[in-house]
Amino acid sequence: MSPADYAAAFGIGLAGAGHCLGMCGGIAAALSLGGQTRPSLTLAYHGGRITSYGALGALLGFLAGSINLAAWTLGLRYLAGVLLILMGLYIADWWRGLTVIERAGAVLWRPVQRFSSRFLPVTSPGQGFALGLGWGLMPCGLIYSGLAWAATAQSAWGAGSLMLAFGAGTLPAMLAASFGASGVQTLLRRRGLKVLIAVLLIASGIWTLYLVASHGSHLLQRSLPVPGETPASMPMESGPMEGHRHHR
């Protein structure tokens, strides 16, 4: 994975601060139910939440990488560029199409929510961690789109680490909600910060699409079988935003 991949993943989580606070900020602030105010409970909850992101990313990355077809890999690279653009538009509030994913995810979320509610009120770090694992599956357009984007890395390690970076990006807003740091919340909700990150994501998506369109034919040609030889699979670079090497 390249530093740009991790920066993008962290930026998506950071720029989604307002959305994160609206979706699960309430549960983060409610961890003091039952008179428990220990920071260990809050940290355990966020640890579980981020762990669920990483585990889901690793699973999807492994599944995506198990298909060893040139056209599949090329299609995933196009998908990576498109998803970066869509997430940028979503973060800047220029297009809210990802809410369709949230509505679809509600079907999965309802049974998970019922199961997770048994851990409330949180009175131990173990309960907090278990609650976080469940709430990591909540229907959020950024989470689901981020998972799809991370999966284009086509490896468990690559996709999982990208989602861990995404989770780390959500921490400033969520910890601010948990500990009542209103100043930090206000800063992270600034329109300028969201637009800046959104523009960078959109530019990265466009650049990714340009690279794939420019060099995709070379990659497909390298995967074509040569008479008398075993067909070779198309090589995959390390990350969803990674540039493509020229055919030598």
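The values are calculated or read from the model by the stated rules, or taken from the named source; none is laboratory data. None of the values given here were measured: they were computed from a predicted structure. So basically every Cβ, Gly included, is an ideal-geometry build from the backbone, and we count neighbours across all protein chains shown. In case anyone asks, the SASA skips ligands and DNA or RNA and just uses the protein heavy atoms, side chains included. Shrake-Rupley method; radii C 1.70, N 1.55, O 1.52, S 1.80 Å.
Numbers below:
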| quantity | calculated |
| --- | --- |
| Projected label distance in nm at Trp157 and Arg118, using a 7 Å step from Cα toward the beta-carbon | 3.7 |
| Three-way shape call for segment 70-118 based on the alpha-carbon gyration tensor, with the a/c threshold at 1.5 | oblate |
| Ranked order, Phe10, Phe115 - accessible area, probe 1.4 Å, largest first | Phe115, Phe10 |
| Heavy atoms of Met174 accessible to a 1.4 Å probe, total area in Å² rounded to 10 | 0 |
| Accessible heavy-atom area order of Leu162, Leu63, Leu137, highest first, probe of 1.4 Å | Leu63, Leu137, Leu162 |
| Solvent-accessible surface ranking, highest first, for Val107, Val212, Val112 at 1.4 angstrom | Val107, Val112, Val212 |
